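Working notes for the structure below.
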Amino acid sequence: MKNIYLFIVSLFFFYTGCDTQQTKYPFSVETVLAKAGNNRKELEKALDYFYKQGDSIKIKAIEFLVAHMDIHYSETYYWKTCDGKRVDFSEFDYANLETAVKAIDSMRKKYGSLDFQDTIIYDVNGLTGKYLINNVNHAVDTWRLSEYKDIPFNDFCEYILPYRVTVEPVTEWRKEYCKRYHWLTDSLQNKPLENVLDYAAIDYKDWFTFTYGSETRNEPLSRLSAQQLLFRKKGGCEDIAAFETFIFRSQGIPAAYISVPLWATSAGAHFSNTVFDTKMKPVKLDVTTHAVVDHPLDREPSKVIRYTYSSQPGTLASKEKEECIPTGFLQKTNYIDPTHEYWETSDVTIPLFNDTTHIIYACMFSMGRWNAEWWGERMENSVTFHNMPRGVVILPMIYKEHQLIPIGYPIVNGYNHQLYLVPDLLHTMTVEIEEQDRYLRFRPDKKYELFYWDNAWISLGTQVATMDADCLQFNQVPQNVLMLLVPEYSERKERPFIIMPDGTRYWW
């Protein structure tokens, strides 16, 4: 009996010891470590370094980074020859971008051709312990000496501590950015934040080239790394917003990356920043505009999204599998919705067709198709989309088998009222579509086809513009419908519109 007792006791201590080893780290950290595979030792190296140092703030900081690391990754690429062999190349080995491009051209001649190989590198599998240690030490030490040392720790974690902004390749950046932009910290000691933001915009405009409308990046690199931004000295608004985020975070100033995923009344998207004051009041920053601070948006957004490092409760992707969500920002979990800070908003309730699908998408029209820009949950036979910008048209749709399918009629979320666009097929009208600056100019001898929406775009016929035409007439047009006029030379930039019984036309 004694031997059996000792055996049981020894088993107890054995399993207890194993369990102690397994719970050395917080559960949220251990969950991510389990996904790291061969890179687990590197992440543990950073964790154990700070555990040994005993600095409680730095311990919490590294735990925060690791606990939320599994949602982050880099989108990058490498060069390969026509037979698939990887070619070592780094643009940073050259004096500037121009000489780096010439080097690539020479390599193409040498190998016959070169191709891009897209690569996804997950942070849990690629980051080293040394990199994380350097990032935490620099971020915390800078924060402790900054004007923001008293902000809540969670705000520090979301808007100063992160080593990345979006999906850019990860590089060492804090030391160089901190040294290069330390003058912003000096300025903040005797100037208000708004002035310092203006100074940052002056610096950007002095040496960085905004490439929107003049140049596209001919490489599969959706975002530039922090080092590439300094090296290339050019980029689109998505790059510039990341650049400003790196700058301010390097100084211990909380900054966020802001996205307008889609303009709701035009084509394209936009990116800018939020920088916070010492009370964590958000201040809008867009260095690509003339009015840098608190510049109002130029047009109606589909939404405004503020990215965080950690996953946020209530996001769609926290409830649904990624493959069940249309491609776009809704597949992510690390964002919040501050649209009401940028545009007048309201809740929008729309009746739905009979169906059992629970998740309903608020879709907006751009580039010839409906795009899922927000979501809501079905409540019996309707859905309510919250915090939606005014001045936009919203179509409720469901997502099945990788396709968006209408589940209700569109609604205009106007500035003064909402208009539910159910086609009135019994009452028709003759409409005259006139030219209008910035929206519509007719080209002689070109065909124009008018459509209205009734669960699909339905043609109302085609008219040909004459040499002196400034108006096209269509008959038998149902009342209370959303329309779209498409020319034969379409670039899919046409905007939908409505025409009221009195002939007034409104573009969306």
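Contact map, the stretch 152-181: first residue under 18 Å from residue 335 (Cα atoms), second residue open to solvent by 20 Å² or more (accessible area, probe 1.4 Å) and of a type in the set (D, E, K, R), Cβ cut-off under 6 Å, separation 6 or more or different chains; pairs are 166/223; 167/75; 167/223; 168/223. Of everything in the stretch 337-380, what is basic (Lys, Arg) and closer than 23 Å to residue 319 by Cα? Give them in sequence order. Result: 378, single match. Within the set 274, 211, the sole residue that is touching a Lys or Arg at 6+ places or on another chain (Cβ under 8 Å), under 30 Å from residue 104 (Cα atoms) and β-branched (Val, Ile, Thr) turns out to be 211.
Annotation: of all residues in the stretch 378-406 being crowded, with 21+ Cβ neighbours inside 10 Å and under 14 Å from residue 353 (Cα atoms), the one that is farthest from the chain's Cα centre (by Cα) is 383.
So, restricting to helices (runs of 4 or more DSSP H) that lie completely within the stretch 160-246, which ones have at least 3 residues that are surrounded by fewer than 18 Cβ atoms within 10 Å (Cβ to Cβ) and acidic (Asp, Glu)? So the answer is 193-207.
Within the stretch 466-486, the set of residues being closer than 19 Å to residue 454 by Cα and assigned to a strand (DSSP E or B) comprises 474, 475, 476, 477, 478, 479, 483, 484, 485, 486. Within this structure, residue 74 passes the test of being closer than 30 Å to residue 50 by Cα and of a type in the set (S, T, N, Q). Please tell me if residue 373 is touching a strand residue (DSSP E or B) at 6+ places or on another chain (Cβ under 8 Å), more than 29 Å from residue 462 (Cβ to Cβ) and not β-branched (Val, Ile, Thr). Answer is yes for this residue.
What's the total number of residues in the stretch 103-125 that are of a type in the set (D, E, K, R) and either in contact with a strand residue (DSSP E or B) (Cβ under 8 Å, 6 or more places away or on another chain) or at pLDDT 95 or above (or both)?
So the answer is 4.
Every condition in (1) acidic (Asp, Glu); (2) open to solvent by less than 50 Å² (accessible area, probe 1.4 Å); (3) over 28 Å from residue 381 (Cα atoms) is met by residue 454 except one, and the failing one is (3). Of 322, 373, all but one fail to be open to solvent by 10 Å² or more (accessible area, probe 1.4 Å), under 27 Å from residue 294 (Cα atoms), among the acidic types (Asp, Glu) and under 22 Å from the mean Cα position of the chain (by Cα); the exception is 373. Among the residues making up the stretch 275-300, those that are assigned to a strand (DSSP E or B) and either buried (at least 22 other Cβ atoms within 10 Å of the Cβ) or basic (Lys, Arg) (or both) are 275, 284, 285. Taking the stretch 341-356 as the range and being at pLDDT below 95 and exposed (fewer than 14 other Cβ atoms within 10 Å of the Cβ) as the test, the residues that pass are 354, 356. For the structure I just gave you, tell me whether residue 486 is more than 25 Å from residue 350 (Cβ to Cβ) and crowded, with 16+ Cβ neighbours inside 10 Å. Answer is yes for this residue.
For beta carbons closer than 7 Å, sequence separation of 6+ or different chains, a first residue in the stretch 21-49 that is under 16 Å from residue 72 (Cα atoms) and at pLDDT 95 or above and a second that is surrounded by fewer than 18 Cβ atoms within 10 Å (Cβ to Cβ) and of a type in the set (Gly, Ala, Ser), the qualifying pairs are 39/126. The residues in the stretch 56-106 that are of a type outside the set (Ser, Thr, Tyr), surrounded by 14 or more Cβ atoms within 10 Å (Cβ to Cβ) and assigned to a loop (DSSP other than H, G, I, E, B) can be counted, and the count is 3.
Residues that are assigned to a loop (DSSP other than H, G, I, E, B) and of a type in the set (Ser, Thr, Tyr) were ranked within the stretch 135-159; the one that is surrounded by the most Cβ atoms within 10 Å (Cβ to Cβ) is 148.
If you check 506, 409, 489 for being closer than 23 Å to residue 266 by Cα, among the hydroxyl-bearing types (Ser, Thr, Tyr) and not in a loop (DSSP other than H, G, I, E, B), only one passes: 506.
Within the stretch 190-242, work out how many residues are touching a Gly at 6+ places or on another chain (Cβ under 7 Å) and either without any contact (Cβ under 8 Å) to a residue 40 or more places away in the chain or more than 18 Å from residue 307 (Cα to Cα) (or both).
Matching residues across the stretch 190-242 total 3.
Within the bounds of the stretch 110-123, is there any residue that is open to solvent by less than 20 Å² (accessible area, probe 1.4 Å) and assigned to a helix (DSSP H, G or I)? Taking every residue of the stretch 110-123 in turn, at least one turns out to be open to solvent by less than 20 Å² (accessible area, probe 1.4 Å) and assigned to a helix (DSSP H, G or I).
From the list 148, 77, 122, exactly one residue is under 23 Å from the mean Cα position of the chain (by Cα) and in contact (Cβ under 8 Å) with a residue 60 or more places away in the chain. Which is it? It would help to see each step written out before you state the result.
Details: 148 fails: under 23 Å from the mean Cα position of the chain (by Cα); 122 fails: in contact (Cβ under 8 Å) with a residue 60 or more places away in the chain.
Exactly one residue qualifies, and that residue is 77.
The values are calculated or read from the model by the stated rules, or taken from the named source; none is laboratory data. Here the structure is a predicted model, which is why all the values come from computation and not from measurement. Positions of Cβ are generated from backbone atoms using ideal geometry, with glycine treated the same way; all protein chains shown enter the neighbour counts. Calculation scope for accessible area: heavy atoms of the full protein, side chains included, ligands and nucleic acids excluded. Shrake-Rupley method; radii C 1.70, N 1.55, O 1.52, S 1.80 Å.
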